[in-house]
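The values are calculated or read from the model by the stated rules, or taken from the named source; none is laboratory data. No experiment lies behind these values; they were computed from the predicted model shown. Because the Cβ atoms are built from the backbone with ideal geometry, glycine has one as well, and the counts that use them run over all protein chains shown.
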Ligand code: EPU
């Protein structure tokens, strides 16, 4: 099993170009199934989750080839309607293939993705929405069998009880080739939803309102292929900025999505870091000692503070002057990284959805285990700021979401290697 060895204490300095966004690449790869022609996707990050998505396309009969950060998908031939359980289990977001398969083939068999390291992750909203769209959904033995009548789902008015990102994506994917109009109320407003809709519009889909709480999709008979560039990854951006805030230094992030990162940048700025934005770049200079964030940091659906940036910001705030308070409102088990941070010397108390982080003057290197994707990145941020050497195991979690993780950190002057 591979691990990361990080020697802390180096300031980070330099320029980094942001990778393409994992959380829009995955639904966009699923969406390529709908167009039935060639699609060329640029700025696609090379990640284990992206490879899992391409394996799902392969198993459905599509071709998917990588050339650097460009992915070519040929979905003209479709030979299957079933995703084997082993492939479904490789990543939870495989569930977004459900909407795309229903849109293209009118039927599909998938698996219940089950819980994950972030806690129970039900798909009740996804299934209720599909049923509302006239899909016959049957569950049994861990499998989900979905079938439309006459090969087409029906447009419907869907009111989500919570703006779920995955459910919003699945409904859009199912609706773009459905009969009639679909309206999603209380839709997720995450930038990745807009990126998915941007791709689908480039394929000829009729979608409006994305980025707002009400999305309207008018079903089209047929979509076509296109060439599209995936947006930059705002969470990878938040990670490298948090690392620099923690370890000290100054960096420029190039190819950054500035408006989409505002909810994070507004909070980071309160730690005393100097942040300037413009021309697609974010410049950050750390402050000599970070300040605690005065207001409670509440993770919320976009445009609130992103849950995916909670762990990495927490690493930086373990070293701040004063006490910061986090409130995690999206996932039940998203504080599993705190144990590792405490092992490194942090003072963190977790009480249900609240984590109280009292700043300490130093962290010390330790052997820790990545608990999940963002938690693993948070441990790396803490290790870069700590005195001494840290070892992080179970880094397959980190590889799910960060492209060239060690190379990027080394480019900034961090002492990190994979063994
Ligand atoms: N939920 C339900 N029922 C459902 C759907 C969701 O109860 O039918 C609950 C979930 O259990 C969770 C909450 O609603 O507590 C939010 O889930 P959501 O559906 O919004 O999240 P997701 O689509 O499963 C995506 C990202 C996550 C990100 C969340 C929130 C992808 C592939 N994943 O997950 O990203 O944290 O939205 O923004 O897009 C990550 O990148 O590390 C990551 C976990």
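Figures for the structure shown
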| quantity | calculated |
| --- | --- |
| Residues satisfying the stated conditions in the range 323-341, i.e. touching a strand residue (DSSP E or B) at 6+ places or on another chain (Cβ under 9 Å) and assigned to a loop (DSSP other than H, G, I, E, B) | 328, 329, 330, 331, 332, 333, 334, 335, 337 |
| Residue check for residue 43: within 28 Å of residue 394 (Cα to Cα), touching a helix residue (DSSP H, G or I) at 6+ places or on another chain (Cβ under 9 Å) and at pLDDT 95 or above | yes |
| From 185, 159, residue being within 16 Å of the ligand (Cβ to nearest atom), over 23 Å from the mean Cα position of the chain (by Cα) and surrounded by fewer than 18 Cβ atoms within 10 Å (Cβ to Cβ) | 159 |
| Total residues in the range 93-143, condition in a strand (DSSP E or B) and free of Cβ contacts under 8 Å to residues at least 24 places away in the same chain | 4 |
| Search result, residues across the range 299-322 that are touching a residue at least 40 places away in the same chain (Cβ under 8 Å), in contact with a strand residue (DSSP E or B) (Cβ under 6 Å, 6 or more places away or on another chain) and near the ligand (Cβ under 10 Å from one of its atoms) | 310 |
| Filtered residues of the range 356-377 (kept if within 25 Å of residue 270 (Cβ to Cβ), under 26 Å from the mean Cα position of the chain (by Cα) and surrounded by fewer than 22 Cβ atoms within 10 Å (Cβ to Cβ)) | 356 |
| Which listed residue is closer than 15 Å to residue 88 by Cβ and surrounded by fewer than 19 Cβ atoms within 10 Å (Cβ to Cβ), from 55, 46 | 55 |
| Test result for residue 343, away from the ligand (no atom under 16 Å from the Cβ) and out of contact with any helix residue (DSSP H, G or I) (no Cβ under 9 Å at 6 or more places or on another chain) | yes |
| Which listed residue is in contact with a helix residue (DSSP H, G or I) (Cβ under 8 Å, 6 or more places away or on another chain), part of a strand (DSSP E or B) and more than 8 Å from the ligand (Cβ to nearest atom), from 146, 174 | 146 |
| Residue 112 vs. criteria surrounded by 23 or more Cβ atoms within 10 Å (Cβ to Cβ) and within 24 Å of the chain's Cα centre (by Cα) | no |
| Odd one out for residue 118 among (1) surrounded by fewer than 19 Cβ atoms within 10 Å (Cβ to Cβ); (2) within 16 Å of the ligand (Cβ to nearest atom); (3) under 23 Å from residue 236 (Cβ atoms) | (1) |
| Yes/no for residue 67 being surrounded by fewer than 20 Cβ atoms within 10 Å (Cβ to Cβ) and either closer than 22 Å to residue 172 by Cα or in the same structural domain as residue 145 (by TED's automatic domain parsing) (or both) | yes |
| Flag for residue 61 being over 14 Å from the mean Cα position of the chain (by Cα) and either modelled with pLDDT of 95 or more or more than 16 Å from the ligand (Cβ to nearest atom) (or both) | yes |
| Number of the condition not met by residue 145 [criteria: (1) within 19 Å of residue 172 (Cβ to Cβ); (2) at pLDDT 95 or above] | (1) |
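Okay, residues lined up against (1) free of Cβ contacts under 8 Å to residues at least 12 places away in the same chain; (2) assigned to a helix (DSSP H, G or I); (3) surrounded by fewer than 20 Cβ atoms within 10 Å (Cβ to Cβ):
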site: 216; (1), (2), (3): no, no, yes
site: 222; (1), (2), (3): no, no, yes
site: 228; (1), (2), (3): no, no, no
site: 237; (1), (2), (3): no, yes, no
site: 241; (1), (2), (3): no, yes, no
site: 244; (1), (2), (3): no, yes, no
